[in-house]
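Structure first, commentary second.
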Amino acid sequence: MTDRLLARGIIVLILAACAVSLRPFHLDPLPAILLSLGIAAGALLAESRLQQLSLPRLAGGILGLLAAALLALVLKQSWPEPANTVAFVQVACLLLLPGLGSVLGAAKLDRLPVPAERTASESGANILDTSVIIDGRIADILETGFLDGPILIPRFVLRELQAIADSPDSLKRNRGRRGLDILQRLQKHAHLKIRILDQDFPHLREVDSKLIELARGNKARIVTNDFNLNKVAQLQGVAVLNINELANAMRPVVLPGEIMRVFIIKEGKEQNQGIAYLDDGTMIVVEQARRMILKTIEVAVTSVLQTTAGKMIFARFDDRLHAVHEPRAATRDTPNPAPL
C-alpha cells in the first residue's frame, strides 16, 4: 500500500511539473497546477473503478485502449494548438487513456455475444464467505456433489481466516484453524473446481460488502450461513445460498397429532414445560413434562413453528395415553423376575 501511494504521488508531481514547465493553454503556473491536479484526481478515480473489473472484462478493455490511442493520434495530427499544449495533452493521455479505454472496452464487452460455456461458468460460480468455511458443513455438501459450478474463494476471505487463526483469543484461533483445515480438505478433492480470486475492493472496508461486489461483478452466488449477509445481498439483487435454510429444509417433516419418543433434558420457561431435542438440534417444547426430566417419554405433537433460527416443535405429554421409558440407570438395580 505504501509503494502504491508513493507511485501515485510521483505521478502527480510529474504532471504538476509538466504543467508549470509547458503551461498548456497559455495558463499561468497556478492555474496550470490546478489543472494538473484535477486531471490526476480523474485518473485516480478511474483507477479505483478499474479495480472492480473482473479479468474477462479487462480483456475487453484492451480493445477500448487501442481505440482511445487511435483517437489521440488523430487529435495530435489535426489539432492546431501550440507545441507546449500538444505536449501536455500527450502526457495527460498517457496517464488517462489506459484507464478510460479499459472502462469503455469493458462496458462494450457486456453487449457482445459470448460462448455459452463461459457464461455458464460465471453465472454458476459459488463464492464462499468466511462464516460458511468455518462452519464446516459446506465440505460435506460439496463432497456429495449437490452443489455444482466452480468454487471461488476470495483472497480477502483467506486473509480474514488467517487473522482469526492468529487471534490471541483461543476460541477465535480454533475457529480460524478449523476454517483453514476445511479449505485443505476441499483442495484434496479432484472433482471440485476451486479457484482463489485475487480481485479486491480497497475502497470497501467490510468483507461482506466486498463479497457482494465480487458476486455482482462475476455473476456468481454467495454461499453463507450469515443471516445479515443473506438479507443485504438479496436486497442488492445478488443470489445467495444459505446452508442454514438448506438444513432446515432437510429436517424431517413432523405433523400435528404424530407420536414421538423424546428424552426430556431440562425444564422449560413456562410452568410444567419440559425441553427435548432431536438429533438434528430441533428443540421440542413439551407441555406437562416438567416432572419427566431425564426420562424418555412418548409425546403427541400439537404444532410446528418455523422461525428464521430454525424449527420448533410443540408437543404435549399425557401419562394416561403415552408410555414412559425409565432410563437404564434408574432400573439397573431392579431385580429380574424369577423364572417360571
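Each residue of the range 264-270 in order: what ³J(HN,Hα) in whole Hz does its phi give by Karplus 6.51 cos²θ - 1.76 cosθ + 1.60, θ = phi - 60°, with x for Gly and Pro?
Once θ is set to phi - 60°, the couplings for the range 264-270 become 6, 8, 8, 7, x, 6, 8 Hz.
Could you tell me the distance between the Cα centroids of the range 179-240 and the range 1-43, to the nearest Å?
Distance between centres, Cα-based: 38 Å.
Listed highest first by mean packing, meaning other Cβ atoms within 10 Å per residue, what order do 133-144, 253-264 come in? Could you put the intermediate results ahead of the total?
Numbers: 133-144: 17.4, 253-264: 13.9.
Peptide ranking by packing, descending: 133-144, 253-264.
Lys pairs in the range 188-300, Cα-Cα under 20 Å, at least 8 apart or on separate chains: how many?
On the way: K193/K219; K210/K219; K210/K231; K219/K231; K266/K295; K269/K295.
Summing the qualifying lysine pairs gives 6.
Coordinate-derived values only; no laboratory data. Bear in mind the structure is a predicted one, so any value in this text is a computation, not a measurement. No Cβ is skipped: glycine too gets one built from the backbone with ideal geometry, and neighbour counts run over all protein chains shown.
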